Each structure stands twice: as structure tokens, then as C-alpha cells.
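Taken together, the values in this text are just the output of simple stated rules run on the coordinates, not laboratory data. Keep in mind the model is a prediction, meaning the values are calculated, not measured. Every residue, glycine as well, gets a Cβ built from its backbone with ideal geometry; the counts of neighbours run over all protein chains shown.
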Amino acid sequence: MNEKNLLDDITSKSLNELTDLADKIIKNLENEINLENKSEDYANLIKINKLIEKKFQKNFKEISEKSNSKIKEIKSNKDGKKTK
């Protein structure tokens, strides 16, 4: 699989799918006796890991923003009830 196809393929995957793919590559590397021929697999693993980190950070940011929004909403509802 060339680099362009790999990047196109992995960017559309979910965090769970990327984690499963990384696990498969790791298991394959662990079972390999001669790692000289596996530098491409290792490079792909690093790319997948970087993408997992980016997606995780994006998801974390979205969750934080939603939580902060809900907290502000709850606080404003409480403040509105106190003034009535």
C-alpha cells in the first residue's frame, strides 16, 4: 500500500478502527524475526499513531466545549431561578 493510499484510508477511520489497525501492525512486528523488511510497517504505525493523537485531541476538545456549554447553561438557569 503506498503512502497516499494509506493516508487517505486511515483519515476516514474512527479512533477504534485506527487503534485496531495499530494493534494488528504491532502484533505483526512482534512476531517478525527479521525486522529489516518491516521499516514501512513501522513508518505506517507512526503515521497511524499521530493521527490517533490528533483525533483524540479533537474529540477531547469537542467534549470539553460541550461540557463547558452545558455548565454555563445550568449556571444561567440557576441564576435565573434565584432572581425570580
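Treating the angle as unsigned and between 0 and 90°, give the value, to the nearest 10°, between the Cα long axis of helix 39-83 and the longest Cα principal axis of the chain.
That works out to roughly 10 degrees.
Mind checking the angle between helix 15-31 and the chain's longest principal axis? C-alpha axes, 0 to 90 degrees, to the nearest 10.
Taking Cα atoms only, the helix is inclined about 30 degrees.
How fast does region 3-83 diffuse by Stokes-Einstein, in µm²/s, taking the Kirkwood radius from C-alpha pairs at 20 °C and 1.002 mPa s?
Taking Rh from Cα pairs, D becomes 138 µm²/s.
Charges at C-beta only: +1 for Lys and Arg, -1 for Asp and Glu. How large is the resulting dipole of the chain about its Cα centre, in Debye rounded to 20?
For this selection, approximately 1280 debye.
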